[in-house]
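**Q** Input: one structure, supplied below.
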Amino acid sequence: HLLWILLDHKLHPGLRKSPKKSFPQMDLRIPLQGLHGASLVVSLRGSPGTPKKTNKQNGVVPVAPALSLHGGQPEFTDDTFLLETCIMEEFNTTPRTPDGIGDAVKAKPININCLGLPNLSNTCYMNSSLQGLLTLENFVQDLQRQKQVWDPLSEAQLLREFLAIKDAHTSSDINSKSGLLYSFKDVVSVQAPEFRDYEQKDAHEFITSVLNQMRNLSPLLQDIATCMGQTYTCPVERNMVFQMENIRTCKRCGKQSRRDEVFTNLSLDLFPGFSVEEMLQEYQKETKLEYKCECGGRTSGQRSTFKTMPKVLILHLKRFWFTSDYRMEKLHYAIKLQSNLQVSGNEVDTCYSLVSTISHLGYSAEGGHYICDSVHPDDSPDKPTDRWLTFNDLEVFKTTGVSVCKQQKESAYILFYKKQEEEVVQQKCQRPQI
């Protein structure tokens with residue numbers, strides 16, 4: 001029966017040419033991508049016929065009789081290589097659940113009405129920050145797949161609380177979500193007491209604190225992983241962290257000095273009418289610096305450039321500033337938000353796509369409201385349809401990336417850009433910008 005399913009789906013030309021080819025009773029063990037040594041065991045029993053019922057529990061995939069997941073090494077025979085290759089292609093191109101197991105049947109569309117987060121009282125900054133981070137699938141999956149390392153550790157409560165919110169993201173139980181948000185906020189506040197009360201806070205400061213706290217766990221978790229015979233890679237380091245190289249050049253003798261600086265996000269000055277790309281270029285321009293050189297020169301130029309490129313580039317737009325009399329004001333400059341962004345580095349240019357934005361609504365710096373716009377979780381990164389969602393605490397509604405770029409040009413505050421895969425870089429970066 002499995003063979004006929006594969007033929008019906010036209011998965012492999014070699015099988016279509018000989019549809020009556022028969023296979024003896026056998027068990028095929030096929031390696032699977034991304035499952036760390038797991039393989040798919042397919043039990044073939046005779047000729048095509050009516051499919052048997054399959055158990056949906058314990059990793060059994062309901063696509064054919066006796067289809068299940070087991071750990072182990074791949075075993076190939078010459079007679080079954082073609083069929084194994086065909087099945088492997090089908091599995092490895094099928095959408096995965098968060099646990100990495102392929103879904104033989106298309107997953108049910110997400111009920112967007114359940115994706116909201118309740119406001120605990122002036123906690124829109126936290127809700128918007130969480131929605132932005134939850135959009136980053138690779139970041140979340142890196143946390144999930146290393147749970148065995150950090151879960152027993154009491155110091156890793158922040159990671160547990162974050163994933164608990166992820167697990168409850170599609171739940172309609174508002175009370176349960178409220179409890180999880182209270183717990184997450186309390187854990188963050190242990191090391192960042194400025195977030196303990198229920199006054200209005202800055203979303204950029206909150207995200208920076210959360211990411212830094214996750215990073216600070218890395219040395220301890222790496223030691224624990226070593227003791228377990230495993231490895232641990234900090235999800236923040238792997239996805240968000242990047243290095244900027246600061247180059248200082250003496251204007252008199254030309255002597256240069258270089259210094260590397262590590263970031264999880266970059267703060268950009270706002271310029272009216274500028275695009276995001278242009279503001280990045282302004283950041284990297286040479287600036288005048290008063291510095292005494294060994295040659296006696298007192299003026300140097302300093303410029304910054306990307307030494308490494310992150311998988312996720314988080315950009316903070318500096319909409320708030322202090323006046324000469326130390327009052328904070330908000331800048332309402334309209335900028336050109338770009339759905340695709342080309343970033344120049346030391347060696348190569350890198351193309352990014354906008355996947356989420358956090359916007360600050362309101363006229364004053366003393367008050368306002370944060371919302372988050374993100375790519376729809378059902379949208380395919382390979383074939384994007386420009387489906388987006390707006391998260392306004394508990395309220396969630398549909399929008400598009402085009403609308404977000406137009407509507408939030410005066411209020412966008414934090415931008416999440418995801419690095420494009422090499423095979424789609426040229427196509428994506430050459431699209432018209434919004």
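The values are calculated or read from the model by the stated rules, or taken from the named source; none is laboratory data. Here the structure is a predicted model, which is why all the values come from computation and not from measurement. No Cβ is skipped: glycine too gets one built from the backbone with ideal geometry, and neighbour counts run over all protein chains shown. SASA here: full protein model, heavy atoms, side chains in, ligands and nucleic acids out. Shrake-Rupley method; radii C 1.70, N 1.55, O 1.52, S 1.80 Å.
**Q** In region 160-193, which residues are open to solvent by 60 Å² or more (accessible area, probe 1.4 Å) and either part of a loop (DSSP other than H, G, I, E, B) or of a type in the set (A, V, I, L, M, F, W, C) (or both)?
**A** 170, 172, 173, 174, 190
**Q** When residues of region 238-266 are filtered for being of a type outside the set (Asp, Glu), open to solvent by 10 Å² or more (accessible area, probe 1.4 Å) and in contact (Cβ under 8 Å) with a residue 60 or more places away in the chain, how many remain?
**A** Counting residues in region 238-266 that are of a type outside the set (Asp, Glu), open to solvent by 10 Å² or more (accessible area, probe 1.4 Å) and in contact (Cβ under 8 Å) with a residue 60 or more places away in the chain gives 4.
**Q** State whether the residues of region 362-371 include one that is within 30 Å of residue 201 (Cβ to Cβ), assigned to a strand (DSSP E or B), open to solvent by less than 50 Å² (accessible area, probe 1.4 Å) and free of Cβ contacts under 8 Å to residues at least 60 places away in the same chain.
**A** no
**Q** Listed residues 286, 278, 294, 347; which is at pLDDT 95 or above and over 25 Å from residue 135 (Cα atoms)? Let's see the steps before the verdict.
**A** Numbers: 286 fails: at pLDDT 95 or above; 294 fails: at pLDDT 95 or above; 347 fails: at pLDDT 95 or above.
Going through 286, 278, 294, 347 in turn, just one is at pLDDT 95 or above and over 25 Å from residue 135 (Cα atoms): 278.
**Q** Can you find a residue in region 398-414 that is of a type in the set (Val, Ile, Thr), open to solvent by 20 Å² or more (accessible area, probe 1.4 Å) and part of a loop (DSSP other than H, G, I, E, B)? Reasoning before the result, please.
**A** Keep residues of region 398-414 that are of a type in the set (Val, Ile, Thr), which gives 399-400, 402, 404, 414.
Cutting the leftovers down to open to solvent by 20 Å² or more (accessible area, probe 1.4 Å) gives us 399-400, 402.
Filter again for part of a loop (DSSP other than H, G, I, E, B), leaving none.
Checked region 398-414: no residue is of a type in the set (Val, Ile, Thr), open to solvent by 20 Å² or more (accessible area, probe 1.4 Å) and part of a loop (DSSP other than H, G, I, E, B).
**Q** Got at least one residue in region 314-321 being in a strand (DSSP E or B) and without any contact (Cβ under 8 Å) to a residue 24 or more places away in the chain? Break it down into steps so the answer makes sense when it comes.
**A** First pass over region 314-321, keeping only residues in a strand (DSSP E or B): 314-317, 320-321.
Next, from what is left, pick out any that are without any contact (Cβ under 8 Å) to a residue 24 or more places away in the chain: 321.
Scanning region 314-321, I find at least one residue that is in a strand (DSSP E or B) and without any contact (Cβ under 8 Å) to a residue 24 or more places away in the chain, so the answer is yes.
**Q** Name the single residue that is least open to solvent (accessible area, probe 1.4 Å) among those in region 141-159 being part of a helix (DSSP H, G or I) and acidic (Asp, Glu). I'd like the intermediate steps shown before the answer.
**A** The first filter runs over region 141-159 and keeps only residues part of a helix (DSSP H, G or I), leaving 141-145, 147-150, 154-159.
After this cut, where a residue has to be acidic (Asp, Glu) as well, the list is 142, 155.
Numbers: 142: 12, 155: 104 Å².
In this case the residue turns out to be 142.
**Q** Which residues, taken from region 207-230, are more than 21 Å from the chain's Cα centre (by Cα) and assigned to a loop (DSSP other than H, G, I, E, B)?
**A** If the condition is that a residue be more than 21 Å from the chain's Cα centre (by Cα) and assigned to a loop (DSSP other than H, G, I, E, B), then 228, 229, 230 are the ones that fit.
**Q** While we're here: Suppose we filter region 331-361 for residues that are assigned to a strand (DSSP E or B) and open to solvent by 40 Å² or more (accessible area, probe 1.4 Å); how many remain?
**A** Residues in region 331-361 being assigned to a strand (DSSP E or B) and open to solvent by 40 Å² or more (accessible area, probe 1.4 Å): 5 in total.
**Q** Return yes when residue 310 is outside any strand (DSSP E or B), of a type outside the set (Gly, Ala, Ser) and closer than 23 Å to residue 206 by Cβ and no when it is not.
**A** So residue 310 passes the test.
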